[in-house]
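Below: the structure, in structure tokens.
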Amino acid sequence: MPTGVLGQLGDGLLLTVEMTALAFAGALVLGVLLAVCRISPVPPLRLAGAAYVTAFRNIPLLVLLVLFVFGLPEIGLLYPLFATVALTMALYWAAFVCEVVRSGVRTVPRGQIEAARALGLTFTQCLRHVVIPQALRSMVQPLGNVFIGLALGTSLAAAVGVPELTGQAQLVTLKYDNPLTSFALTTAVYVAITLSSGLLAGRIERKVAIER
């Protein structure tokens, strides 16, 4: 194996990890806000949240990446490639985070929510003190699945020129003409990311269950 292969793949892995972390953080924040809109008592907010989720869940991620990366400069919006891709992935996966949070909220008995409102708690206080703490347990594993999907989805960034793990594997293949080695290593890394993320989500889920 050429000595430069591991170095290039290591650089790609670092970029993949950075992109995954930034995109998931953005998706988590936006997804929670969208979920609040979807369960809000204000009809326009519910409609806006539903429209966002419906739109982004029915557009392929690769199409969005191409649209943002090559479309934004056409209208005069110039951003670094990495930032554009991370933002696009955050916007896309926020729709899935929203549905996970909304499904978790639905597991909370409605009677408890009505009791909290009867005690004078505002909508925000009810979410913070009653709904979210109880819904968190049911959201951990699905959020872990979203994280895994996002991490694997970063491989699509290679199609728009980001030298993340898959992109570096392609460059290594072109440079050394050794696709079997480079993509075998890349596959092993993605499997490791998936398994470790699943195990971590399971541990967090058990910890949350104990603390309840």
Every residue from the stretch 117-132 that is open to solvent by less than 60 Å² (accessible area, probe 1.4 Å) and either among the β-branched types (V, I, T) or under 21 Å from L33 (Cα atoms) (or both): L121, F123, C126, L127, V130, V131
Residue match in the stretch 182-189 (condition: open to solvent by less than 30 Å² (accessible area, probe 1.4 Å), part of a helix (DSSP H, G or I) and either in contact with a Gly (Cβ under 6 Å, 6 or more places away or on another chain) or under 23 Å from A23 (Cβ atoms) (or both)): yes
Residue that is more than 20 Å from the chain's Cα centre (by Cα), open to solvent by less than 60 Å² (accessible area, probe 1.4 Å) and among the hydroxyl-bearing types (S, T, Y), where the choices are T166, T173: T173
Close pairs (7 angstrom Cβ cut-off, 6 or more residues apart or separate chains): within 12 Å of Q134 (Cα to Cα) in the stretch 198-212, at pLDDT below 80 and surrounded by 11 or more Cβ atoms within 10 Å (Cβ to Cβ) anywhere: V208/L136; V208/R137; A209/R137; R212/R137
Per-region count, the stretch 4-50, residues part of a helix (DSSP H, G or I), at pLDDT below 90 and surrounded by 15 or more Cβ atoms within 10 Å (Cβ to Cβ): 4
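The values are calculated or read from the model by the stated rules, or taken from the named source; none is laboratory data. None of the values given here were measured: they were computed from a predicted structure. Positions of Cβ are backbone-derived with ideal geometry, glycine not excepted, and every protein chain shown enters the neighbour counts. All accessible areas refer to the heavy atoms of the entire protein, side chains included, with ligands and DNA or RNA removed. Shrake-Rupley method; radii C 1.70, N 1.55, O 1.52, S 1.80 Å.
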